[in-house]
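Beneath this line is the structure, given in structure tokens, with notes to follow.
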Amino acid sequence: MRVRRKRRLLRCIRKSRELRAVQNNTAAIRPGDVLLVSTVRNEKIRLPYFLRYYRELGIDHFLFVDNDSTDGTLDYLNGHPDVSVWHTTHSYKSATFGVDWMNWLKRSYAHDHWVLVVDPDEFFIYPFCDTRPIQALTDWLDNSSIRSFSAMLIDVYPKGRIDSVPYAEGQNPLEIANWFDSGNYSIKKNPEYGNLWIQGGPRSRVFFSDNPKKAPALNKTPLVKWKRRYAYVSSTHTLLPRGLNQVYEEWGGEKASGALLHTKFLDTLATKAVEEMTRRQHYSNSVEYKAYADKVESQPDLWCKWSEKYINWRQLEILGLMSKGNWA
């Protein structure tokens, strides 16, 4: 595992040559700042609310990689003093689906910082997030000597056709997509890396119903007290050193955990699916987006009689989808 981690670090240094700094405000990063890192492409419609949500949560600085957007994303991100942006025209797939680029940003700018790694359609939820900023969580994690914090990805969707309500730029996507599967999840341990592998929800139920084992993984460890020697291996599903994946209790009790509300299922999905199928830059030649494209026209309603409407983090804790552990 040590050799594998060193190879990952060497790879991210090599891939850093593919990035061009467009706006580098990292000199403004202070000790103790909580950072957010994300790779984006053609997400201008989502970014205004995304930035507002995470600023209100307490994020101090954003580091973006723009993968050759054509919708004005790069122009929109320019000019924000708490945003730094790098641009690349190179292959997302050959950069381990953006992981290499983001590993380099964290290695260069995030040493000794808590860093949240999320996609622009993911919204981080944690215990007491309605009353406590993210710095309260990271302070507690520091005091508890915890280096990494997990969050289960929870797909949210509308009741009715996905394309029935148009999404407006800057809108809170949870105003449209606010239902989720309260059950229907499977969990197993990955013996190689020690992380839990979670699958299920509407993507397994609808888009991968013929082969649920091919459904996307829902386990993520998006919040880490970063060190230069750390590296993500597969999205935010897997980390090295291996101990960072130990975000659960094996001998009883529960560790604190959060959730990522995944707002992919809006009326923008059909266009996104066609674009990503053409680019073939996602995992397994964009098999996930092929599944979306195949089903979205014939069955765009993900709601079912077991769906539950999202209220708050306490609801997710009651359902066992996240936990406050011993954080009071």
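The values are calculated or read from the model by the stated rules, or taken from the named source; none is laboratory data. Since this is a predicted model, take the numbers as computed values, not measurements. Positions of Cβ are generated from backbone atoms using ideal geometry, with glycine treated the same way; all protein chains shown enter the neighbour counts. Surface areas here come from the heavy atoms of the whole protein model, side chains and all, with no ligands, DNA or RNA. Shrake-Rupley method; radii C 1.70, N 1.55, O 1.52, S 1.80 Å.
What FRET efficiency comes out for TYR53 versus VAL3 if R0 is 56 angstrom and r is the Cβ-Cβ distance? Round to the nearest 0.05.
That pair, TYR53 with VAL3, gives E of 0.90.
What fraction of the Cα pairs in the range 142-197, stated in percent, has a spacing above 13 angstrom?
Everything past 13 Å amounts to 74 percent.
How many nm is it between the label spots at TRP251 and SER186, if each spot is 7 Å from the Cα in line with the beta carbon?
About 3.0 nm, to one decimal.
Can you tell me the convex hull volume per residue for the range 115-234, based on C-alpha atoms, in Å³ to the nearest whole number?
153
If you line up the Cα atoms of the range 167-248 on their principal axes, what length do they span on each, largest first, in Å?
Principal-axis extents of the Cα atoms in the range 167-248, largest first: 40, 35, 19 Å.
Would you mind checking the radius of gyration and Dmax of the range 46-120 based on alpha-carbon positions, in Å?
12.5, 34
With every protein chain present, what is the per residue accessible area of the chain (1.4 Å probe, Å²)?
Value for the chain: 44 Å² per residue.
If the chain were replaced by its equivalent ellipsoid, with semi-axes equal to the square roots of 5 times the Cα gyration tensor eigenvalues, what would those be, largest first, whole Å?
27, 25, 20
Say the cut-off is 18 Å between C-alpha atoms; which of LYS227/LYS324; LYS44/LYS225; LYS6/LYS93; LYS188/LYS213; LYS15/LYS214 go over it?
Flagged as over cut-off: LYS227/LYS324; LYS44/LYS225; LYS6/LYS93; LYS15/LYS214.
From the mean inverse distance of alpha carbon pairs (Kirkwood) and the Cα radius of gyration, derive Rg over Rh for the range 67-175.
Rg divided by Rh gives 0.99.
Which value, in Å³ per residue, describes the convex hull spanned by the Cα atoms of the range 213-270?
Per residue, the Cα convex hull of the range 213-270 comes to 149 Å³.
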